[in-house]
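To keep things clear, I will list the structure first and then write my remarks on it.
The values are calculated or read from the model by the stated rules, or taken from the named source; none is laboratory data. Please read all numbers here as calculations on a predicted model, not as lab measurements. When we count neighbours, we look across all protein chains shown, and the Cβ atoms used for this are built from the backbone with ideal geometry, even at glycine. The protein model used for the area step is the full one, side chains on, heavy atoms only, and it has no ligands, DNA or RNA in it. Shrake-Rupley method; radii C 1.70, N 1.55, O 1.52, S 1.80 Å.
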Amino acid sequence: SSVEVMSRVASIDIGTNTVRLLILEARPNGSLKEISQSRAITRLGKGMDTTKKLLDDRMDETILVLTKFRNECRKFEPLTIIAVATSAVREAGNQKEFVLRVKKEADLEIEVIPWEKEADLMVKGVLWKLPNIEKDFLVFDIGGGSTEFLLARDRKIVSAVGTQLGTVRLTEKFISHHPIDVNEYKALETHFRRELNVVKEKLSDFPPEVLVGTAGTVTTLAAIDGDVYPYDPEIIHGRRLTFKRIEELLEVLKNKSLIERAAMRVIEKGREDLIIVGGALVLEAMRVFECNLLVVSEHGLREGLVLDTLS
């Protein structure tokens, strides 16, 4: 029956840096049980800023991962699969070609969603299992190609701004030396400050009491902070970091080479260069919005997709 089919949902989130899979099952009592989750860094949006197109080798690698994810889903049939693509694919001149290839080679229908829809689903996901979140907060989702900022009151979005502040995009643009070159980093900070002040003007309904962050940058900072290895979503979710602590962590990371960073077991391979831009963005957001506390959410768009489908 259709009721049975709808009780299992797989969501696939095709991001600029990372592809994520989550399979959840709705229990008769209404609770959701996680059956499977995977993620892979494929950096699909590499070079997007200069070429405005998805590169062939990045598409190939992403489609390999999507094929793997599709096979993983087959183990749990019957189930509903929802696959969405965000920033990189949204902007790509060869978007249609990519969508067709995914259909043909990975047997997946993907929807390229507008960022407003992405924002809405993301907040649903981020707040899932974060019970004691303050009344007024700013949620941000740092991606490889874009970062969304959402001002919320009582768990509802009041206003939202999408930006081009993506870690892949800005690392390519600003950071070429590791350990970090002081002048490059200053230029990056200046760029962030300018852009974030614009964001703040647009989100001026009320000052947020706390920042809630999701995605790889903030979960990695939380993992480094608590030396959480192997990675454990339960420990990461809801973890709180102060401005001062993030500043300390970033100082250490800035002074390391790529090889030294990659050697840190808590840093996922493929994130060792991006963590600097990501960390700088977190700090600058805390500075501009005058928030001393960051709450880390393990959940985001893919959870929101499932919750939306099951509700």
Inset, instruction - Can you tell me the order of 236-249, 36-49 when each peptide is scored by its average per-residue count of other Cβ atoms within 10 angstrom, highest first? - result: 36-49, 236-249
Legend entry - Using alpha-carbon coordinates, inclination of helix 115-126 to the longest axis of the chain, degrees: 90 degrees
Inset, instruction - Which order do the peptides 157-167, 17-27 take when ranked by the mean count of other beta-carbon atoms within 10 Å per residue, highest first? - result: 17-27, 157-167
Inset, instruction - Any chance you could give the angle, 0 to 90 degrees and rounded to 10, that helix 274-288 forms with the longest Cα principal axis of the chain? - result: 70 degrees
Legend entry - Kirkwood-type radius of the range 204-311, with distances r between different C-alpha atoms, in Å: 14.6 Å
Legend entry - Per-peptide average of other Cβ atoms within 10 Å, ordering 80-92, 254-266 highest first: 80-92, 254-266
Inset, instruction - Let me have the 222 nm mean residue ellipticity of the chain computed from DSSP H runs of 4+ only, each contributing -39500 (n - 2.57), with the sum over all residues rounded to the nearest 500. - result: -13500 deg cm²/dmol
Legend entry - In degrees, nearest ten, helix 301-310 long axis to first principal axis of the chain (Cα): 30 degrees
Inset, instruction - Quickly work out the D60-to-R74 label distance, labels modelled 7 Å from Cα along the C-beta direction, and quote it in nm with one decimal. - result: 2.3 nm
Inset, instruction - Might you report the magnitude of the Cβ-based charge dipole of the chain about its Cα centre, with Lys and Arg at +1 and Asp and Glu at -1, to the nearest 20 debye? - result: 240 debye
Inset, instruction - Over the chain, calculate the relative contact order: mean separation of alpha carbon pairs under 8 Å at least 6 apart, over the residue count, as a percent. - result: 20 percent
Legend entry - Sulfur and carbon atoms: percent of accessible area, the chain [1.4 Å]: 52 percent
Legend entry - Coordinate range along principal axes, alpha carbons of the chain, Å, largest first: 59, 44, 37
Legend entry - Distant-in-sequence amide H partners of V212 (H built 1.01 Å from N, under 5 Å): L138, V139, F140, V295
Inset, instruction - Of the options V182, S159, F140, report the single residue whose Cα projects farthest towards the positive end of the charge dipole of the range 132-183 (beta-carbon charges: Lys, Arg +1; Asp, Glu -1). - result: S159
Inset, instruction - Using θ = phi - 60° and the Karplus relation 6.51 cos²θ - 1.76 cosθ + 1.60, list the HN-Hα couplings for the range 64-78 in order, rounded to whole Hz, with x at every Gly or Pro. - result: 4, 5, 5, 5, 4, 5, 4, 5, 4, 4, 4, 5, 10, 5, x
Inset, instruction - Would you mind working out the magnitude of the charge dipole of the range 98-254 relative to its Cα centre, with +1 at each Lys and Arg C-beta and -1 at each Asp and Glu C-beta, to the nearest 20 Debye? - result: 240 debye
Legend entry - Of all DSSP beta bridges in the chain, antiparallel share, percent nearest 5: 65 percent
Legend entry - Violating pairs (Cα-Cα greater than 24 angstrom) within the set K68/K103; K135/K200; K124/K200; K200/K244; K124/K186: K124/K186
Inset, instruction - Please give the per residue accessible area of the range 94-161, computed with a probe of 1.4 Å over protein heavy atoms only, in Å². - result: 45 Å²
Inset, instruction - For the range 67-178, count all C-alpha to C-alpha pairs, find those more than 16 Å apart, and express that count as a whole percent of the total. - result: 69 percent
Inset, instruction - Taking the Cα centre of the range 45-159 as origin, sum charge times position over the Cβ atoms of Lys and Arg (+1) and Asp and Glu (-1), and report the length of that vector in debye to the nearest 20. - result: 200 debye
Inset, instruction - Would you work out which of T219, L249, F289 lies farthest towards the positive end of the dipole of the range 197-311? Charges go on Cβ: Lys and Arg +1, Asp and Glu -1. - result: L249
